[in-house]
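I am attaching a structure below and will ask some questions about it afterwards.
Each value in this text was obtained by applying a stated rule to the coordinates, not by laboratory testing. Predicted model, so just to flag it, every value in this text is computed and none were measured. Note: ideal-geometry Cβ built from the backbone for every residue, glycine included; neighbour counts use all protein chains shown.
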Amino acid sequence: MSAAPSSPARRRILAAGSLTLAFSMVPAWGQGGKGGKAKLPGSLDKAPMLDAWIRIDAGGRVTVYTGKAELGQGIKTALLQVAAEELQLAPARLSLVTADTALTPDEGYTAGSHSMQDSGTALRHACAQARDVLAEMTAQRFGVPAASLALREGVFAAPDGRRANYGELLAGKQLHLRASPASAPRLPAAHTVAGKSLARVDIPAKVTGGRAYVQDLRLPGMVHGRVVRPPSPGARLLSLDVQAVARLPGVLKVVRDGRFLAVIADGEYRAVKAAAALAQAARWQMPAEFPGGAGNAALVAAQPTAQPETILERGALPAGPMLRASYTRPFQLHGSIGPSCAVAQLVQGRYTVWTHSQGVFPLRAALAELLGTDKEQIRCIHTEGSGCYGHNAADDVAADAALLARALPGRPVRVQWMREDEHGWEPFGPPMRAEVQGALGPDGRIAAWQYAVWSAPHNARPGKAGNLLAATHLEKPFAPPPAKPIPQPEGGGDRNAIPYYVLPNARVVHHFQPQAILRTSAVRSLGAYCNVFAIESFMDELAASGRIDPVAFRLRHLDDPRAIEVVRTAAARFGWDAWRRPDPRHGRRGRGFAFARYKNLAAYCALALEVEVALDTGWVRIVRAVAAVDCGEVVNPDGVRNQIEGGIIQSASWTLLEKVRFDDSQVLTRDWGAYPILRFGQVPDRIEVHLLDRPGQPFLGTGEAAQGPAAGAIANAVFDACGLRLRDLPLDRASVRGRA
Amino acid sequence: MTTYQLSVNGRGHSVDADPDTPLLYVLRNDLQLNGAKFGCGLGQCGACTVLVGGEAVLSCLMPVAAVGARKVRTVEGLGTADAPGRLQQAFIAEQAAQCGYCIAGMIMRAEALLARKPSPTDAEIRRHMAPNLCRCGTHMRILRAVKRAAGSPEGKA
C-alpha cells in the first residue's frame, strides 16, 4: 500500500469517534469521492456506512449484514465467501445476518438475479475498505507501513512479529464510516475462498431436521390460523354462520372482515378442521367473469392493452414476404412445495412478522398501510421458506398472519396456507403472446425482424397494501395500485424481447396489458422465459428455411465474444457437429439449441439438449442437456451449477407440463393432480454445466439464466425429433400425441 | 382427545391428540420434529414422508390413530448435522438441495428403498422416488446422492 494524503478519508476516520488516526489511505480511495457524490459500488450506494455491512465485537467476532434473503439459491454461502475473502477469515468464523428491517440495510427485493451484483458487490467493497482501515490502524499503532503487514485469519502481523487482531483494534467500536467510491478488493488471482465450491452453510440443518424454515418456528404461546378464501376472485359472500365453528374444540377466534374469513385455534390441525367447517358454513355467489376454457392466445386477446411501446427501431424493414409465427404462454404457477407461511405477533402496539417475503422493507410498508400503523411499529424478519421462484404468496400470508395477530393481541399467530390456497391464490405468471416476423437475405443473414409481445404485469409486489391479497377482501378493501410496466433495459413482459443478435433491420414492440383476468406477478425470469422461447424457436424456423445449421446460424448473428464463446462451448461439449440421430426404434430423438443473455445485460447461457419423444403417449423427455454459462466472476462454482441445473429442470417442467386452468368463474387447478409438475420419471439422464469464469469481471447473477434457453432448446429438439413445431406452451402430451 | 403411545426414532412418547389428526401434525407440533414437512396434505408431493414400520408413508394422510405399535422414523432419526447418517452425508456431499424443503422427505423415501434393496439400479431409484416432488429442480443431485449412499461408484463421480 503506497501512501498519498487523503484528507476526506482522514476526516471520515476522525468522524468515527475516538479512532483518531494520522494516516493516509490507498490512492484509489481519494479518487472521485468528493462529498460522497460518486456512485458507490452495488448496494453501498443506498447504504453507504461501513458498519451497516460489517460489525466486529471486542472479542473479534465478525458479523456481516445483507438486505438480501436466502431463497434456497445459496446466497448466504456466496456472500459469506465474498466477505471472508476480503477479511481473510475462514467463512465459518463469520456470522451473516440476512434481511431484517431492524438490523440490515434495505436492499429492496431479493429478485432479478441481482443479489450478487447488489449485495455481493457491496459486501466485497465494504469488507475490503474495513480491512484497509484496520490495516492502517495497525500500521499506525506499530509505526510500520501498512504494506509491510501480513494478514491471516483476522490477525495483522508486523515484520518484527508484533500482532493485532480485528477485535482488539476496534475494542468494541464500529467502523461508522462512509464508504468510498473506490476500494481495493483482493485480486482474483490471490483468492483463496471466493471462486471455490464451498459447501452450502444451510444444507446440514436442512437434511437433518434442524430448524431451517419459518414453518419450523414454534414461539411460546403460539396459536394457529387458517384463512378461508372466497371460492373465486369475484365471489360475493351471501351468508355465514360462525356460531357452529366458534364452538369447535380449540377454536379461539373466528374472524370475519368483509370477505376475509379466518379461524384461530390452539392446535394446527384443529385450525385446519375449523377452517373446513367455516368454508362449509359460508354461502357464496360466484359471478361468471372469465373466458373459461379460452386458449392462450384468446385469453391474451381478451385482456385490455395499453398504448404499445416501441422498444427497438433499427434500420428499415424491407418489403417482401416474411416468415411469420406466434408463440404463447398460459398462466403458470410458482408452485412452491411448501405452501406459504408466516408468524406474526402484536405486543403493545408493535408487530413482529417472521416472513419468507423477498422484500421485508417493502412488505413492512404495505403492512403499515394495511394495519393503519406506522412502519416503525413493524419489524419484518426474513425467515427462510420453501423456494419461492419469484413473488409467490409469501407476502400475502404475512398479511394474513398480521391481521390475525391484530385480532388476538399478545399471541404469536402462525398461518400456513393449504395446498389449494397456494395453487388457487398465489399471483400467477402472466399469459403472454409473441408474434414474430422475419426474413432471410440472400447472404443467409436475417434481413428483417419484427417482434411484438403482449403481456400482463410481471410485477405486483407489495409496497402498497392493495398488493396484499387479504387487503383486497376486507370490508373496507384496499384496491391494488395500478400496475406499471418495468422499464427497459430490464423490462417485464418485454424482458429479453429484443434479441441479442445482430439485426440491422429490426422493430420490437411491447403491448403492456395493465390487468390480467387473474392476479399476476413475477415468476422467475419474468417475460424472458416466453420471449426467449419465442425468439429461439423462430431462430430455428428461420435457419430451417435457409437450410442452415442452428448453431452456425446463431454464431452468424452474434458479435459479443462472450456470447460466441458460450455458444461454441455448449455446442462442442454436447458434440453438436458429430451428433447422429439414434435408431428410432428406441423412440424419436432430436437435438435442440438455444442461447440468451439474460436481460441482455446479465448472464450468458447457451444450451444444447437431446430429447426423446414418445409418439404414442405424447411424452417428451430431455435425455441429456449441456449448458455453457458466463455469469462474470464466479464466487461458488458448484452453487452456479446447482442454479443452472435447477433452472433447466424447472423450465422443462413449465415447458412440458404446466398450465393454470379455469372456468368462467374460478381457478380449477387447485392441486398437483390438476397442475402436475415434473417428476423423477421425466428428468434427464444427464445435465452438464460448463462455466466460463471471468475473474475480476462484475457478478452477473445466475438464478434466471437458463429458463428461457431451456424452453427454446426443448421446442427446437421436439421439432428436430418429429417435425412438429409447437408454439403454444406447454408442449404437453395432448399437443404432441397423434400430431407428429 | 385420546392418548397415544408412539415410538419415534427409538424413543417412546405419550401424545394427546384428536384421533383423526394426521401423524404429520403430531410429529411437527407435539414432538417438535421439523423433518417431515407439510406440502399438500393430499398425499401428492411426498414432503411429509416418514417411515412407519419400515415403510415409506405419507404422514399427512395417516391418522395418528392408525399408527398403532409400529415404529416411526423421521429424518432426525438418521443422524445429526454433526454426525449425519449415510444418506444425509451423501446429500451433503452432493450438495443435493436448493431450498431443501422436500429433502427430508426425499431422504426418508430413499431410506426405505436402501433398506429393502441396498444396491438399486438408476431406473429403480427413479421409479421409487417418483411420489416425491422437488420444485427447485435438484433431481439430478438427489439421484446422485442416493447412488452415493448406496455405494455406487457413479454416485461418487
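Please work out the C-alpha center-to-center distance from region B:106-157 to region B:6-22 and express it in whole Å.
29 Å
From the P(r) of chain B, can you give the percent of Cα pairs sitting at distances over 26 Å?
Values: 2880 of 12246 pairs.
Counting every Cα pair in chain B, those more than 26 Å apart make up 24 percent.
Between A:A92 and A:R256, what is 0.36 nm times their sequence separation minus the Cα-Cα distance? Round to one decimal in nm.
Numbers: separation 164, 0.36 × 164 = 59.04 nm, distance 4.85 nm.
Result: 54.2 nm gained on full extension.
For region A:586-645, rounded, prolate or oblate, judged on the Cα gyration tensor with a ≥ b ≥ c (square roots of eigenvalues), a/c < 1.5 rounded, else prolate if a/b > b/c? Could the numbers behind the result be given before it?
Details: a/c = 3.52, a/b = 2.32, b/c = 1.52.
In terms of gyration-tensor shape, prolate.
Next question, about the same structure. If you look at just the Cα atoms of region A:267-325, how large are its Rg and its Dmax in Å?
24.5, 71
When the chain is fully extended, how far beyond the present Cα-Cα distance does A:R624 get from A:H176, taking 0.36 nm per residue of separation?
Using 0.36 nm per residue and subtracting the Cα-Cα distance, I get 156.1 nm.
Return the single residue from B:G12, B:G79, B:G68 with maximal mean-square fluctuation; model: Gaussian network over chain B, springs between Cα atoms under 10 Å.
Comparing B:G12, B:G79, B:G68 in the GNM, the peak value goes to B:G12.
If r is the Cβ-Cβ distance from A:Q515 to A:D577 and R0 is 41 Å, what FRET efficiency results, to the nearest 0.05?
Computed FRET efficiency for A:Q515 and A:D577 comes out at 0.25.
Same structure, new question: In terms of the ratio Rg/(2.2 N^0.38 Å) built on C-alpha atoms, what value belongs to region A:439-530?
So the Cα radius of gyration is 1.44 times the expected 2.2 N^0.38 Å.
A further question follows. Is the C-alpha gyration tensor of region A:329-370 telling us rounded, prolate or oblate? Criteria: a/c under 1.5 is rounded; beyond that, a/b larger than b/c is prolate, otherwise oblate.
Prolate, since a/c reaches 1.5 and a/b exceeds b/c.
What does the average come to when, for each residue of peptide B:85-97, you count the partner chain Cβ atoms lying within 10 Å of its Cβ? Let's see the in-between values first.
Details: counts 2, 0, 1, 6, 2, 1, 5, 7, 1, 3, 12, 3, 10.
Averaged over the peptide's residues, the number is 4.
Could I get the Rg over Rh figure for region B:86-150? Both from C-alpha atoms, Rh via Kirkwood, rounded to two places.
Details: Rg = 10.3 Å, Rh = 11.4 Å.
Ratio value, two decimals: 0.91.
Still on this structure, I have one more. Please list, short to long, the whole-number percent of alpha-carbon pairs of region A:99-216 in consecutive 10 angstrom bins beginning at zero.
10, 29, 33, 20, 6, 0
Normalising by the residue count of chain A, find the relative contact order in percent from Cα pairs under 8 Å and 6+ residues apart.
Details: 1766 pairs, mean separation 98.6, N = 740.
Result for chain A is 13 percent.
Related question: Treating the beta-carbon of each Lys and Arg as +1 and of each Asp and Glu as -1, no other charges, what is the dipole magnitude of chain A about its Cα centre, to the nearest 20 debye? Please report the intermediate quantities before stating the final value.
Numbers: 85 positive and 67 negative charges, 120 e Å.
Taking the Cα centre of chain A as origin, the dipole is about 580 debye.
State the dimensionless ratio Rg/Rh of region A:669-740 (Rg: radius of gyration of Cα atoms; Rh: Kirkwood radius).
Rg/Rh: 1.07.
Give the separation of the Cα centroids, region A:351-379 to region A:127-165, in Å.
42 Å
Based on the alpha-carbon gyration tensor of region A:116-167, what equivalent-ellipsoid semi-axes (square roots of 5 times the eigenvalues) come out, in whole Å, largest first? Can you show the working numbers first?
Numbers: eigenvalues 123, 20, 13 Å².
Rounded to whole Å, the semi-axes are 25, 10, 8.
Here is a further query. Starting from the Cα coordinates of region B:2-77, work out the convex hull volume and express it per residue in Å³.
Cα convex hull per residue, to the nearest whole number: 73 Å³.
Restricting the calculation to Cα positions, tell me the Rg (one decimal) and the Dmax (whole number) of chain A in Å.
27.6, 84
I would also like to ask the following. Note down the nm distance, to one decimal, between modelled labels 7 Å out along Cα→Cβ at A:R283 and at B:A130.
4.6 nm
In percent, what relative contact order does region B:86-150 have, based on Cα pairs under 8 Å that are 6 or more apart in sequence?
Answer for region B:86-150 is 54 percent.
If the chain between A:A150 and A:A306 were fully stretched, how many nm would it gain, using 0.36 nm times the residue separation less the Cα-Cα distance?
Roughly 50.0 nm would be gained on extension.
Using every alpha carbon pair in region A:584-730, what percent of pairs falls into each 10 Å bin from 0 up to the bin containing the largest distance?
All Cα pairs, binned at 10 Å, distribute as 12, 38, 30, 17, 4, 0 percent.
Any idea which of A:F719, A:G258, B:A81 is furthest toward the positive side of the dipole for the protein assembly as shown, if Lys and Arg beta-carbons carry +1 and Asp and Glu beta-carbons -1?
Farthest along the dipole direction, towards plus: B:A81.
As a check on your grasp of the helix formula, calculate [θ] at 222 nm for the protein assembly as shown: sum -39500 (n - 2.57) over DSSP H runs of n ≥ 4, divide by the residue count, round to the nearest 500.
Calculated mean residue ellipticity at 222 nm is -8000 deg cm²/dmol.
What do you get when you divide the Cα radius of gyration of region A:353-456 by 2.2 N^0.38 Å, with N the number of residues?
1.68
Determine the shielding of peptide A:672-684 by partner chains: average, over its residues, the number of Cβ atoms on other chains within 10 angstrom of each Cβ.
Taking all residues of A:672-684 together, the mean is 5.
Taking θ = phi - 60°, what integer Hz values does the Karplus form 6.51 cos²θ - 1.76 cosθ + 1.60 yield along region B:5-11, in sequence order, with x for Gly and Pro?
Whole-Hz 3J(HN,Hα) from phi for region B:5-11: 9, 10, 9, 10, 6, x, 10.
Also: Give a quick list of chymotrypsin sites (Phe, Trp or Tyr not before Pro) in region A:143-250 that DSSP marks as loop, anything other than H, G, I, E or B, with at most 15 other Cβ atoms within 10 Å.
Nothing satisfies the criteria.
Please give the Cα centre distance for region A:66-82 versus region A:519-537, rounded to the nearest Å.
For region A:66-82 versus region A:519-537, the Cα centre distance is 25 Å.
Enumerate by residue number the GluC sites (Glu not before Pro) in region A:457-556 meeting two conditions: DSSP loop (anything except H, G, I, E, B), and at most 13 other Cβ atoms within 10 Å of the site's Cβ.
Sparse-neighbourhood loop GluC sites (Glu not before Pro): A:E475.
At 20 °C and a viscosity of 1.002 mPa s, what translational diffusion coefficient does Stokes-Einstein give for region A:258-400, taking Rh as the Kirkwood radius over Cα pairs? Give it in µm²/s as a whole number.
This corresponds to a translational diffusion coefficient of 107 µm²/s.
Beyond a 25 Å Cα-Cα separation, which of these cross-linked pairs lie in this structure: A:K39/A:K196; A:K253/A:K476; A:K46/A:K76; A:K46/A:K375; A:K46/A:K484?
Too far apart for the 25 Å limit: A:K39/A:K196.
With a point put 7 Å past each Cα toward its Cβ, work out how far B:D16 is from A:L601 in nm, to one decimal.
6.1 nm
Averaged over its residues, how many other protein chain Cβ atoms are within 10 Å of peptide B:100-107's Cβ atoms?
6
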